[in-house]
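Here's the structure, in C-alpha cells; my notes come after.
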Amino acid sequence: MVVTLDLDASTSDPPVRRQLANLSLAVAKCKKIVVVTGAGISCSCGIPDFRSSDGLYALVKQQYPDVVLKGRDLFDASLFRDPTSTAVFYTFISRLKKSIDVATPSPTHRFLKTLDSKRKLLRSYTQNIDGLEDRAGLVGTSSDEVKTHGKGKSKIKTKEVRNVQLHGDIHRVRCTFCSADYPCASEHLETFLAGTAPDCPECAVRSTARVARSARALKVGKLRPAIVLYDEPHPLGDDIGSIQSADIARKPDMLIIMGTSLKVHGFKKLVKDFARTVHESAPPPSACAGSPLKKNAKNFAGKVIFVNKTAPGSEWDGIIDYYVVGETDRWVEKVIEDWKKARPSDWEVQKTLVATGDAATGGSLHVAKEITNTMGTKVGKGAKRKPVRHRENAPLPEDEIWDITLPLPEAPPSPSKRPQSRCHYHDVESSPSKKSREGARAVREPIHFEERGLLFGNTTNSKVRSTPENDFDLGENIRKSKASKIPKPRIPTSRVEVVLELRPPSRKALA
Ligand SMILES: [Zn+2]
C-alpha cells in the first residue's frame with residue numbers, strides 16, 4: 001500500500017507531520033541513496049513546460065504555421081524521416097536551449113549535490129536534458145570530464161559519473177554519421193534556429209584529406225542535438241547499463257523518485273529494478289524488534305519515496321512506499337530543515353586555520369579550507385581510513401556553511417557536558433558496547449591530531465617541537481579549548497597549519 005503524505009497538511013495534521021519528519025530522518029540516516037528525476041524538478045527553474053501548447057510551441061508555430069506536430073512527435077526518432085518535421089525539431093531545440101541557458105538550478109538540484117557532498121548519493125539518474133544537475137555540481141554522463149580517450153570498450157569513466165543523463169544533453173551536439181560530439185555552441189544554435197543542422201567538422205576533414213589525394217569524397221554527417229529521442233538507442237547505452245548493474249550490486253538503501261509522471265517504458269523498468277533491490281536490502285522484520293528507538297531507526301532503511309504533484313497509478317502499489325504530494329523543492333527544503341534539527345553534527349564545518357607571518361610581529365590567521373562533516377567516515381582512534389573518492393572539499397552552497405568567526409567558543413567545563421549530538425556514534429544501529437566505547441571517545445577527543453594531519457595532508461606538525469622560540473600565541477580562547485592537544489607550530493620557517501576544533505551551536509540554539 002502506498003502511504004500518501006500531503007505537504008500542505010504537514011502543519012495542520014500531526015500524524016502527517018510526524019511521518020514526514022521520519023522520512024527526513026530516513027534520508028539523513030541512509031547511506032546509498034539512488035535518486036531518479038523527471039521534468040518536475042526543473043519546473044521552478046524558469047524552463048518553459050515544453051508539453052503545453054503555449055510558450056515554445058507558439059513560437060515555433062509562428063515560424064511553421066502550416067505544420068501540425070504534437071509534443072510527442074517532436075521527440076520521436078521518426079521525425080528525421082520528414083524534412084519539415086526535422087526543420088521544426090531543430091528550431092524547437094534551438095529555442096528550448098536558449099531558455100535553458102538562462103535558467104538556474106532549483107533547490108532540488110542543489111539537494112542532489114548536498115546528498116553527494118555528504119556521501120549519501122549512490123547515483124542520480126535523470127530524464128531531463130537541461131543539464132542543470134551538472135551546473136549544480138554533479139558530473140554527468142555527457143561531461144568531458146568522464147570521457148575516455150583510450151581504445152577500450154567503455155566510452156566513459158563510469159566511476160566518475162554522478163548523474164546519469166538517460167535522455168542525453170541539450171548542451172551537446174553529435175554527428176549523425178561518425179558520432180563525434182561537441183559542446184553546442186552559439187553558431188550551432190543559429191543554424192538550428194533556421195531549421196537546418198551544421199556539417200560535422202571531423203567528417204569534413206576526413207573527406208577533404210581523401211579528395212586531396214585524389215580519392216573519392218566521403219559522406220559528411222550533420223551535427224544534431226545530442227538528446228535521445230523516443231525509440232532511439234542511447235549512444236552510451238552499454239555504459240549506462242554497466243553503471244546501473246554496478247549500483248544494483250551495491251544494494252542501495254533508499255530510492256527517491258521526484259518530479260516524473262513515470263510514463264516512459266524504459267524509465268519505468270529502471271525505477272522498478274531499483275525499487276526491488278531497495279526492498280530486498282531492507283532489514284528483516286526481526287531486526288526491527290526491540291526498543292521503540294531501534295524499531296524506528298531500522299524502519300528507515302529500504303524505502304521507496306515518490307515526490308510529485310500528481311499521484312502514481314495503481315501499477316505502483318507495492319513498489320512505492322510513500323507518496324509525498326507537492327513540489328519537490330518544498331519537500332527537499334523540509335528534509336534539509338528536519339535533518340539539520342535532528343542531526344546537527346552532520347552539518348558541522350571544520351575550518352583549518354593557517355598561521356602566516358612572523359611571531360615577533362604577531363602574525364595572522366586565515367581560513368585555509370573548510371571541511372564539512374562527511375557521514376560514514378569514522379574519525380576515532382581505530383578508524384579505517386578510506387581514500388576519499390568524492391569531491392569532498394568542493395565548494396558548498398552558501399547556506400551549508402556556518403559562519404564561524406573568531407574568537408572561538410570556549411570548551412565546556414567537563415567532557416560530560418558536551419552535547420551528545422556532536423558524536424557520530426550515537427547511531428542506535430551500533431551495538432551497546434560499541435556505542436558507549438565510540439561515544440565516549442568521540443566526546444573526549446573527536447579527532448586525534450595525528451589523524452587530522454593525515455586528513456589535511458599536513459606533514460609538518462610531527463616535526464614541530466616546543467621550544468621557547470617556537471611558542472606562538474594563538475590567543476586565550478585556543479589555549480582554553482584544546483591547546484594541550486595542539487603541538488606548538490614553528491614560526492616563521494614557513495607556513496604552519498593549525499587545526500582547531502569548533503563546536504556547533506547547541507540543538508537549542510538551532511531550534
Ligand atoms: Zn562526423
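What the table below lists for this structure:
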read-out: Filter result (at positive phi and near the ligand (Cβ under 10 Å from one of its atoms)) within the range 184-204; value: none
read-out: Of all residues making up the range 48-67, the number that are in a loop (DSSP other than H, G, I, E, B) and modelled with pLDDT under 80; value: 8
read-out: Some residue of the range 205-221 being away from the ligand (no atom under 16 Å from the Cβ), in contact (Cβ under 8 Å) with a residue 60 or more places away in the chain and among the basic types (K, R); value: no
read-out: Complete set of residues in the range 222-270 that are of a type in the set (A, V, I, L, M, F, W, C) and within 16 Å of the ligand (Cβ to nearest atom); value: L223, A226
read-out: Residues of the range 225-259 classified as part of a loop (DSSP other than H, G, I, E, B) and either within 18 Å of the chain's Cα centre (by Cα) or on the phi > 0 side of the Ramachandran plot (or both), total; value: 6
read-out: Check on K32, over 23 Å from V228 (Cα atoms) and in contact (Cβ under 8 Å) with a residue 40 or more places away in the chain; value: yes
read-out: Number of the condition not met by N163 [criteria: (1) away from the ligand (no atom under 16 Å from the Cβ); (2) in contact (Cβ under 8 Å) with a residue 60 or more places away in the chain; (3) surrounded by 21 or more Cβ atoms within 10 Å (Cβ to Cβ)]; value: (2)
read-out: Verdict on V205 being farther than 28 Å from S124 by Cβ and outside any loop (DSSP other than H, G, I, E, B); value: yes
read-out: Yes/no for D181 being in contact with a strand residue (DSSP E or B) (Cβ under 6 Å, 6 or more places away or on another chain), touching a residue at least 12 places away in the same chain (Cβ under 8 Å), within 29 Å of P105 (Cβ to Cβ) and within 16 Å of the ligand (Cβ to nearest atom); value: yes
read-out: Options S99, S78, S94, S42; residue that is more than 20 Å from H171 (Cβ to Cβ), in a helix (DSSP H, G or I) and of a type outside the set (A, V, I, L, M); value: S78
read-out: Some residue of the range 150-158 being assigned to a strand (DSSP E or B) and either under 19 Å from F89 (Cβ atoms) or free of Cβ contacts under 8 Å to residues at least 24 places away in the same chain (or both); value: no
read-out: Test: E145 is surrounded by fewer than 17 Cβ atoms within 10 Å (Cβ to Cβ), charged (D, E, K, R) and modelled with pLDDT of 95 or more; value: no
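The values are calculated or read from the model by the stated rules, or taken from the named source; none is laboratory data. From a predicted model like this one, the values you see are computed outputs, not experimental measurements. Every residue, glycine as well, gets a Cβ built from its backbone with ideal geometry; the counts of neighbours run over all protein chains shown.
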